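What follows is one structure encoded as structure tokens, with my remarks underneath.
The values are calculated or read from the model by the stated rules, or taken from the named source; none is laboratory data. Quantities reported herein were computed from a predicted structural model and do not represent experimental measurements. Here the Cβ is made from the backbone with ideal geometry for all residues, glycine too, and neighbour counts use every protein chain on show. Surface accessibility is based on the protein's heavy atoms, side chains included, excluding ligands, DNA and RNA. Shrake-Rupley method; radii C 1.70, N 1.55, O 1.52, S 1.80 Å.
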Amino acid sequence: MEIKQLIYFREVAIREHISEAALELEIAQSAVSRQIANLEKELNTTLFLREGRNVKLTDSGELLLSQANQILSLIDETKELFIHQEQTDKRSIKLAYTESYVSQALPAIIKSYERDFNLEIRPMMMTPTEIEEALLSHQIDVALCELTPKLLNNKNTIKHTLFEETYNLYVHNNNDLSMNPKPPLSQLSNQYIYHFNTLPDQIAQLIRKHASQKAYPISNFALLRQTLLSEKGVLIIPDYLSNGIENEHLTKIALTHTELKRTINVVYLENNQNNQLKTFIEHTRSLLQRQATYH
């Protein structure tokens, strides 16, 4: 059974006349008659009774018409769904990002862009590996993230550096590290290291490489501060989150002299067809680069 057979059948059932149905469908009458005959043969039933030049539905025909209406209605709804989705996609930008200063800046970026350009931004937080897969398979339009080796070497992607994310070390004032303004990461090898919430893989690997220690997450700032004040360990935290941990009994040490940093980029495919994408990227670069300098 084919969709066109149901369409022909329904048109004949509505008009009760094969010639008029063929005229409406803009095809030959013989083609309509042939498809109706094929349908009756496949279903092993008679769908129409002839009354002069007109035709009338049989009981089987009435049953098929009810089913055909449901099937064709569902097909129409499905087409509309995808048409609507395509139109929506043209008015939106699918944006992926990794956890970084980006996550704090995005609300203002999205709000100002949607207000000025009447376009919807759909943000999604992903890991760098998830972003790599989603970008290269056209599931997202643009990403704000650190580059994986595959993205870095992909010639079909365009990349712009946004900012460098640096990290700070917090230690209790009684800790010997507090006296060294530029400690090498190797001096952390005898320390119990904490970090806030999640830690990017590349940063975790660098800590383990140089300090021979694993860093342990704490997801609550109050608990994290209490742990440090109790001299139970040290903290490594991105600079943009450091204000939440400041305390007179804790010493802040910038780790900008170490490898502990990552570069956040805006990445998109060169052949992306979204006409609004370049405008959004310019808007994002302008705001993020300026805010990252002063945050």
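In the chain, the convex hull through the Cα atoms has an average projected area of 23.9 nm², a quarter of its surface area.
Pairs LYS111/LYS278; LYS159/LYS252; LYS4/LYS79; LYS232/LYS252: which exceed 21 Å Cα-Cα? The answer is LYS159/LYS252. For the range 187-266, the dipole from Cβ point charges (+1 on Lys and Arg, -1 on Asp and Glu) about the Cα centre works out to 220 debye, to the nearest 20. Taking the chain as a Gaussian network of alpha-carbon nodes connected by springs under 10 Å, the highest mean-square fluctuation of the residues VAL142, VAL32, VAL234 belongs to VAL32. Percent of Cα pairs in the range 118-241 per distance bin of 5 Å, from zero to the largest separation: 2, 9, 17, 18, 16, 12, 10, 8, 5, 3, 1, 0.
When nucleic acids and ligands are ignored and a 1.4 Å probe is applied, TYR8 ends up with an accessible area of around 40 Å². Its relative contact order, with pairs defined as Cα atoms under 8 Å and 6+ residues apart, puts the range 34-143 at 22 percent. Binning the C-alpha pair distances of the range 147-219 at 5 Å intervals from 0 yields a P(r) profile of 3, 12, 19, 21, 16, 11, 8, 6, 3, 1, 0 %, listed from the shortest bin outward. Considering helices alone, the calculated mean residue ellipticity of the chain at 222 nm is -15000 deg cm²/dmol, with DSSP H runs of length four and up weighted by -39500 (n - 2.57) and normalised per residue.
Dividing the mean sequence gap of close Cα pairs (under 8 Å, 6+ apart) by how many residues the range 187-257 holds gives a relative contact order of 34 percent. Counting only alpha carbon atoms, the long axis of helix 101-117 and the longest principal axis of the chain meet at about 40°. Here the range 1-133 has an Rg and Dmax of 25.8, 79 Å, counting Cα atoms alone. In a simple Cβ point-charge model (Lys, Arg +1; Asp, Glu -1; nothing else charged), the range 119-266 has a dipole of about 320 debye relative to its Cα centre.
Note on the chain: antiparallel DSSP beta bridges, both residues inside, total approximately 60 percent of the bridges counted. Stokes-Einstein diffusion for the range 101-156 at 10 °C, viscosity 1.306 mPa s, with a Kirkwood radius from C-alpha pairs, works out to 126 µm²/s. Within the same chain, aspartates and glutamates fewer than 8 places from LYS261 are excluded, and of the rest, those with a Cα less than 18 Å from its Cα are GLU99, GLU146, GLU164, GLU165, ASP201, ASP239.
Contact order, relative form, for the chain: 20 percent (alpha carbon pairs under 8 Å, 6 or more residues apart, mean separation divided by residue count). Computed from Cα positions, the angle between helix 29-43 and the longest principal axis of the chain comes to roughly 70 degrees.
Sorted into 5 angstrom bins from 0, the C-alpha pair distances of the range 201-290 split as 2, 9, 17, 16, 15, 11, 10, 9, 6, 3, 1, 0 percent. Considering only ASN69, LEU277, LEU57, the residue lying farthest towards the positive end of the dipole of the chain is LEU277, judged by Cα position with unit charges set on Cβ. In order along the range 254-261, the phi-based Karplus estimate (6.51 cos²θ - 1.76 cosθ + 1.60, θ = phi - 60°) of 3J(HN,Hα) comes to 5, 9, 5, 7, 9, 6, 6, 6 Hz; Gly and Pro are listed as x. State the Cα centre-to-centre distance between the range 227-258 and the range 188-214 in whole Å. Centre-to-centre (Cα) distance: 14 Å.
Taking Cα atoms only, the orientation of helix 3-15 departs from the longest principal axis of the chain by about 50 degrees.
Candidates ASN247, VAL12, SER137 compared by Cα position along the dipole of the chain: farthest toward the positive end lies ASN247, with charges placed on Cβ. For the chain, the dipole from Cβ point charges (+1 on Lys and Arg, -1 on Asp and Glu) about the Cα centre works out to 920 debye, to the nearest 20.
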